[in-house]
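**Student:** Could you have a look at this structure, given as structure tokens, before my questions?
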Amino acid sequence: MKPLKIFIIAVFFILFLIFNLPAQSPPDTVWTRTYGGTLEDACESVKQTSDRGYIFVGETRSFNVGIWNDVWLVKTDSLGDTIWTNTYGRSGTEVGMSVQQTLDGGYIIIGETQSFGPGSRDVWLIKTDSNGDSLWARIYGGLEYDIGYSIQQTFDGGFIIGGKTASIGAGLTDAWLLKIEPDVGIQEEQIYK
């Protein structure tokens, strides 16, 4: 009987603490901005840059080259004011899914393309300089649907890409890791079922 009373008292004490904690107020909004034109535009990934500004990547239909969406890269200052923008693409749909500032001060973008490559959609890797001007691009994938969702520069100066593939692997789609060498060749690739 004694352990049951102790248990009941402990439960009431915990409930008392939970319901009597001071309410946390939500953080204040420092600033807010919108970016885009009259058509569909989206941000898929945003990172803070070494100059305390921001870089975001996504897609734009307002400022595209073809008739469908293009990859859209936007650099802002610390207050969110636009410094420059660039688009990358051709006639098909292109989407930037992730961006990161590289050790040389440029940017690396991963996403998907319908305009380039052998498949219906392929992983598209784009390297830019610090002004967003394209330095090189690479396509990875097969005849089916492949997409890159995440990119990270590695300690050796190369890149690791996370995505999915329908072109290779055992399932309908499989998780896909690609390790890219600093000189932009595939070093290793792993497929996870």
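**Student:** Quick one: pull the percent of accessible area on the stretch 56-125 belonging to carbon and sulfur, 1.4 Å probe, ligands and nucleic acids left out.
**Tutor:** Ligands and nucleic acids excluded, carbon and sulfur give 52 percent.
**Student:** Given a 1.4 angstrom probe, what's the average accessible area per residue across the stretch 1-139, in square angstrom?
**Tutor:** Using a 1.4 Å probe on heavy atoms only, each residue of the stretch 1-139 averages 61 Å².
**Student:** Grab the eigenvalues of the alpha-carbon gyration tensor for the chain, scale each by 5, take roots, and send me the semi-axes largest first in whole angstrom.
**Tutor:** 40, 25, 17
**Student:** May I have the extent of the alpha carbons of the stretch 1-110 along their three principal axes, as whole Å values ordered from largest to smallest?
**Tutor:** 77, 32, 31
**Student:** Want the number for SER120 to LEU177: 0.36 nm per residue separation, take away the alpha-carbon distance, what's left?
**Tutor:** Working it through step by step, the gained length comes to 18.6 nm.
**Student:** I'd like the accessible area for GLU181, computed on protein heavy atoms only with a 1.4 Å probe and all protein chains in place. Round to 10 Å², please.
**Tutor:** GLU181 exposes around 60 Å² with every protein chain in place.
**Student:** Next up: Would you list GLU112, GLU40 from the most to the least accessible area, probe 1.4 Å?
**Tutor:** Highest to lowest solvent-accessible surface, that is GLU40, GLU112.
**Student:** How many lysine pairs does the chain hold where the Cα atoms are under 24 Å apart and the two sit 8 or more places apart or on different chains?
**Tutor:** Close lysine pairs found across the chain: 10.
**Student:** Rounding to the nearest 10 and keeping the result within 0 to 90°, find how far the Cα-based axis of helix 2-19 lies from the longest principal axis of the chain.
**Tutor:** 50
**Student:** Taking only DSSP H segments of four or more residues, each worth -39500 (n - 2.57), what value at 222 nm results for the chain once the sum is divided by all its residues, to the nearest 500 deg cm²/dmol?
**Tutor:** Calculated mean residue ellipticity at 222 nm is -3000 deg cm²/dmol.
**Student:** Expressed in nm to one decimal, what extension gain is obtained for the pair ILE8 and ASP28 from 0.36 nm per residue of sequence separation less their Cα-Cα distance?
**Tutor:** Full extension from ILE8 to ASP28 adds 3.2 nm.
The values are calculated or read from the model by the stated rules, or taken from the named source; none is laboratory data. Bear in mind the structure is a predicted one, so any value in this text is a computation, not a measurement. Side chains are part of the model used for accessible areas, which takes the heavy atoms of the whole protein and leaves out ligands, DNA and RNA. Shrake-Rupley method; radii C 1.70, N 1.55, O 1.52, S 1.80 Å.
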